[in-house]
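Encoded as structure tokens, the structure appears first; notes follow it.
The values are calculated or read from the model by the stated rules, or taken from the named source; none is laboratory data. This is a predicted model, so every value here is computed, not measured. Please note: Cβ atoms are built from the backbone with ideal geometry, for glycine as well, and neighbour counts cover all protein chains shown. Accessible surface areas use protein heavy atoms only, side chains included; no ligands, DNA or RNA. Shrake-Rupley method; radii C 1.70, N 1.55, O 1.52, S 1.80 Å.
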Amino acid sequence: MSGFLNFISSLSTTLTFSITFGTVILFGALGEILTEKGGNLNLGVPGIMYIGAIASLAGALWYEGLGLQSALGFFYPFSCILVCLIFCFGASMLAGLLYSYLTISLRTNQNVTGLTLTIFGTGIANYFGGSLGSVGTVRAAVTSDAMKAYISPLVKWLDGLTDKMNLGSLLFRHGFMVYFAILLAIVLWYFLTKTRTGLSLRAVGENTATADAAGLNINKYKYLSTCIGAGISGLGGCFYVMEYIDGLWETSATIESLGWLAVALVIFATWKPMRCIWGAYLFGLLSWFYFLIPGLFKGSDKIFQMLPYLFTLLVLILVSLRRKPEDQPPASLGKAYFREER
């Protein structure tokens, strides 16, 4: 009986870590879906997530240095996280703007440009990250400790169902960005499938020449989708450094690996935001599944970390065999558009 309870406790811990990792992956994948729906293949997601992470820490340190905590009082945590997110989103959008200028205006190779952006973002973030200290005050704002107090009765009631599974903690004691990521996936699905602008963006990604002939401003759609998509992806890096490592800088290259998982999730979810929700948490669970079977065999953690990529390969094979149009990538994905060749 004790062995079963220990397993349940380990399962609860694993699910908690899976939700954290899954949220990071979800932000990256949602941003990349928006980008790819406009026809741009941005392999710079890991680098953009690094830029978002270092920018959020820099913004947090700058804001704390102003010494406004006593002046703002109750409103300080909210203003603190707002500044942090603005720095993150703004810096990530600038990285997306750089990528857009190179691939859309200068028509450079998208694969090479994206990989270069990953190397650039990783390098510049690690260069500045080592000199930053802890930002514990902002971390409290990001994890939304104040907001959790309002739902503590519900948390306690759920925890009372079982003292091992901790359902209340599992469902409701996360930073607000966990729930924001899910809401963002729903909003993105609605935007791409139910709005005129979203459908126009998909038309640009499917057949750029036809969209151009129909009078759509191709460059505007591509620039906006890529820059905003980069901003969304950058939020994943912000969430990781604030939620998972308590406002410190990480040197284990985990952000980069989660960034590549985000790119893989786009394919796994067949470019559908709603599928990204459960797919992201599945990827997060697979990344931590080795925690449930410690000591099963040497190196099990590395083997289980391969599972998300193996699942993605399986989905690619199935999609290729079925050839369902709704599961295919945008037809113009990764292709530079030359108006003169229309």
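A few points about this structure:
- With θ taken as phi - 60° and the Karplus curve 6.51 cos²θ - 1.76 cosθ + 1.60 applied, the whole-hertz 3J(HN,Hα) list for the stretch 215-229 is x, 6, 7, 4, 4, 4, 5, 5, 4, 5, 5, 6, 5, 5, x Hz, x standing for glycine and proline.
- Surface share of carbon and sulfur [accessible, 1.4 angstrom probe, percent] for the stretch 193-244: 52
- The stretch 224-245 versus the stretch 36-58: alpha-carbon centroid distance in Å: 7
- The H on the amide N of residue 247, modeled in the peptide plane, is under 5 Å from the matching H of 242, each at least 5 residues off or on a different chain.
- For the stretch 107-119, 3J(HN,Hα) computed residue by residue from phi via the Karplus equation (6.51, -1.76, 1.60; θ = phi - 60°) reads 6, 6, 5, 5, 5, 5, 5, x, 5, 5, 5, 5, 5 Hz, glycine and proline entered as x.
- Under the Karplus curve 6.51 cos²θ - 1.76 cosθ + 1.60, θ = phi - 60°, whole-Hz ³J(HN,Hα) for the stretch 251-260, x wherever Gly or Pro sits: 10, 9, 6, 5, 4, 5, 5, 5, x, 5
- Environment charge of residue 330, counting only residues whose C-beta is closer than 10 Å and scoring Lys/Arg +1, Asp/Glu -1: +1
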